[in-house]
Structures are given as structure tokens and as C-alpha cells.
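Chemist: Following this message is one structure expressed as C-alpha cells.
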Amino acid sequence: MISLDTRLFCIYNAVGTCNCLADIGSDHALLPIALLQSEKVKHAIASDINTGPIEQSRKNAIRYNISNIDFLLSNGFDSIEKGSFDKAAICGMGGTLIANIIRRGGIKAHCDLILQPMTAYEDLRSYLWDNGFSINNEIFAADSKKPYVIINAQYTSEFENYTYSDLYLGKIRPDTVEYRLFCKKVCYQTKKRLEGALHLGLPTDELEKLITDCN
């Protein structure tokens, strides 16, 4: 069985089962290979915008004797055929980039999405809620005390209301060590932004409310 770090293992659990997973920005295809090994998915597509990761993905598949995986050089969903997958994972990128990939994907992205933003998770949540996607679940993980959020979203065509705090903390707020660590990170960053806002004489109500909600 291929070895996954804490972050990838949490994404692995979040994917669950499906017929075909499209792993966009797959890097070395560790996630789809692990899912295929455990038979959680029947087939996988590993795509990346660069040739280097695609070649490394092929080598990893050979190393672990995995054959039911396709490798595609693709900018997001561009080269992936519509209807060829039922779940898509877009992980390990900035939230703004993930949102742009979903936007460019159009109807191809109207599937079960597993998203793991490294930064700008507030931009990703905003895009999803403003464009007809529902966030069904959020899983919080920590690797070497660095917190991550894994978002499960699906297109519903319905737009959702949200608060400023929801953008940064999510609407699903579990009572876990990992989530508290995530809140601590958000609180630290928000206090820095509050200092800047006070210095410039900008409104601070939303920032102060967010800091309160972090605790």
C-alpha cells in the first residue's frame, strides 16, 4: 500500500467511493493510486498542467502495479471528457486557483467535488456559495500542527447566504482539536489585519466579530 501523509490521507477518506475519480493537479498521483489499491474507486484520471508530474505519475503507477488509471496533460478540466468521471479532487492549490479551475470547467465541474485549498479558503467558499454550489461537509486536519480544511461541495444551482465569519470559519464548525487549531490560525491572521485596518482608519466590525467567533 502506498504511503500517504496526514493531509493526503484525510483527502483519501473524504473521497470515499466512486466509479471514476478525476484528480486534477494530481502531481505524482499518490491519491488516486491509494484509492485504486484499496478499491475505493474503480478507475482514476490523473491530470496535471505540466509534463513532469505526469511522467512521475506513470512511474508510480508502474511501481505499484496500477493499470486502471489514465494520465492526461490538462489545464484543469480542459482535456477531461465530460461524463467520464463522477468525482473530482482539486487539492494542494490556492483557493483562488481552485475556484478558477471550477469556473473554467463549467458543467464538467457540476459533480461531487473534493477540494483542499492551501490558502484563500475564504475566496473558494465565496465562489462556491455565489455560484450555485453547496458545501456538504468540511473536514479539518492537521499535519505537523499545520491546519488544513477539506471541502466537499456539489452543484445544486441554489445560491446560499453567508456571513463574513462563514467565509473564514465555514458553516460547519466541529468541536475537534483540528478545527480549534484552524481557528487559532484564522484568529492570528485576522488580528494582523485588524491592526492594519485600525492604523488606516478602516471599518473593523467584521474583523472584530470574526475574532470573537474564532474563540
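Chemist: Condition test on Lys185, is it in contact with a strand residue (DSSP E or B) (Cβ under 6 Å, 6 or more places away or on another chain) and under 22 Å from Thr96 (Cβ atoms)?
Modeler: yes
Chemist: Between residues in region 130-149 that are not assigned by TED's automatic domain parsing to the domain that holds Tyr179 and residues that are loosely packed, with under 15 Cβ neighbours inside 10 Å and among the acidic types (Asp, Glu), which pairs lie under 8 Å by C-beta distance while being six or more apart or on different chains?
Modeler: Here the result reads Gly132/Glu158; Ser134/Glu158; Asp143/Asp5, each pair linking region 130-149 to a residue that is loosely packed, with under 15 Cβ neighbours inside 10 Å and among the acidic types (Asp, Glu).
Chemist: Counting residues that are within 23 Å of Ser157 (Cβ to Cβ) and under 16 Å from the mean Cα position of the chain (by Cα), which helices (runs of 4 or more DSSP H) fully inside region 15-128 reach at least 2? Can you show your working first?
Modeler: Working: elements: 30-37, 51-63, 95-105.
Here the list reads 95-105.
The values are calculated or read from the model by the stated rules, or taken from the named source; none is laboratory data. As the structure is a computational prediction, the values presented were derived from the model and not from experiment. So basically every Cβ, Gly included, is an ideal-geometry build from the backbone, and we count neighbours across all protein chains shown.
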